[in-house]
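Quick notes on the structure that follows.
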């Protein structure tokens with residue numbers, strides 16, 4: 001009798017263990033499958049553009065246009081007002097204003113601030129530079145200040161999803177494809193350019209607008225522009241002098257409105273065509289007491305000016321560099 005009871009108990013206990021294991025393992029399988037899907041975010045096609053839902057500062061979800069041509073995330077004034085009313089934009093989040101160039105060639109100054117959080121699917125980006133457009137009808141743009149923080153991603157147009165992968169980091173195993181070379185400089189598909197003469201790596205483009213130098217005293221450059229690598233910094237004056245090449249010429253046309261006056265000017269910048277700069281002048285890291293510096297690629301001269309904050313369409317822009325060794 002006792003043997004029969006023992007056998008029944010053991011059988012019941014074994015069944016209990018098996019059921020418990022199934023209950024435990026099944027959610028793990030589901031979580032793993034769910035985690036894979038979380039790397040995919042559904043796209044919404046509106047006409048010829050694609051939009052993706054984005055959560056701003058954990059309080060507002062809105063669809064943004066994927067725009068790799070925009071330097072920063074851009075929102076309309078009413079969206080900015082909503083973030084202010086929800087008290088998710090604080091005094092120390094505001095950044096110096098900057099001038100932006102539009103598709104029609106005009107320029108205008110916009111207010112800027114840091115978005116504490118930008119969520120796209122299971123990706124959360126911190127301290128993303130955002131500009132406020134001057135029109136309530138302006139589209140919401142997910143520009144480079146967010147896209148560069150995403151790491152690598154791809155779009156599956158068949159499934160209508162954006163797929164996030166692990167960010168690309170600098171390592172001995174990372175070998176981006178070469179897209180162009182002019183002998184001294186090598187341009188890569190990841191938007192970087194290697195100066196083989198002095199082993200410095202530059203971003204292929206500057207920030208695309210006049211900047212206030214002071215912003216780079218209190219914002220981590222890696223938070224603004226990664227380019228697939230870490231350790232970006234402002235170049236020194238001597239490093240910018242090394243880029244200057246009187247035998248090379250990039251012709252740029254300025255147009256815009258400043259102080260209610262329309263203006264237009266054509267300039268020649270003397271450096272490799274593999275590095276595209278918006279401004280004739282690029283900020284340098286060199287400082288003196290009360291002075292900041294920049295280099296002019298039109299006249300090939302170093303310049304020193306007061307550290308007093310100021311920004312205009314003709315302010316120097318920023319071209320980042322990193323050491324490769």
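Looking across the range 106-162, the residues that are farther than 22 Å from residue 95 by Cα, in contact with a helix residue (DSSP H, G or I) (Cβ under 9 Å, 6 or more places away or on another chain) and assigned to a loop (DSSP other than H, G, I, E, B) come down to 121, 122.
Would you confirm whether any residue within the range 194-207 is touching a strand residue (DSSP E or B) at 6+ places or on another chain (Cβ under 6 Å), assigned to a loop (DSSP other than H, G, I, E, B) and modelled with pLDDT of 90 or more? Taking every residue of the range 194-207 in turn, at least one turns out to be touching a strand residue (DSSP E or B) at 6+ places or on another chain (Cβ under 6 Å), assigned to a loop (DSSP other than H, G, I, E, B) and modelled with pLDDT of 90 or more. Applying the set (1) modelled with pLDDT under 90; (2) in a strand (DSSP E or B) to residue 190 leaves exactly one unmet item: (2). As a summary of the residue check, residue 311 satisfies the conditions (1) at pLDDT 90 or above; (2) crowded, with 16+ Cβ neighbours inside 10 Å; (3) more than 29 Å from residue 179 (Cβ to Cβ) except for the one numbered (1). For the range 82-107, the set of residues classified as surrounded by 17 or more Cβ atoms within 10 Å (Cβ to Cβ), over 18 Å from the mean Cα position of the chain (by Cα) and in contact (Cβ under 8 Å) with a residue 40 or more places away in the chain consists of 107 only.
Does the range 262-274 contain at least one residue that is modelled with pLDDT of 80 or more and in contact with a helix residue (DSSP H, G or I) (Cβ under 8 Å, 6 or more places away or on another chain)? Yes, because at least one residue in the range 262-274 is modelled with pLDDT of 80 or more and in contact with a helix residue (DSSP H, G or I) (Cβ under 8 Å, 6 or more places away or on another chain). Look at (1) assigned to a strand (DSSP E or B); (2) buried (at least 19 other Cβ atoms within 10 Å of the Cβ) and you find that residue 53 fails only one, number (2).
Answer yes or no as to whether residue 253 is within 28 Å of residue 130 (Cα to Cα), surrounded by fewer than 17 Cβ atoms within 10 Å (Cβ to Cβ) and at pLDDT below 90.
Details: within 28 Å of residue 130 (Cα to Cα): yes; surrounded by fewer than 17 Cβ atoms within 10 Å (Cβ to Cβ): yes; at pLDDT below 90: yes.
So residue 253 fits the description; yes.
The values are calculated or read from the model by the stated rules, or taken from the named source; none is laboratory data. Model, not experiment: these values are computed from the prediction. No Cβ is skipped: glycine too gets one built from the backbone with ideal geometry, and neighbour counts run over all protein chains shown.
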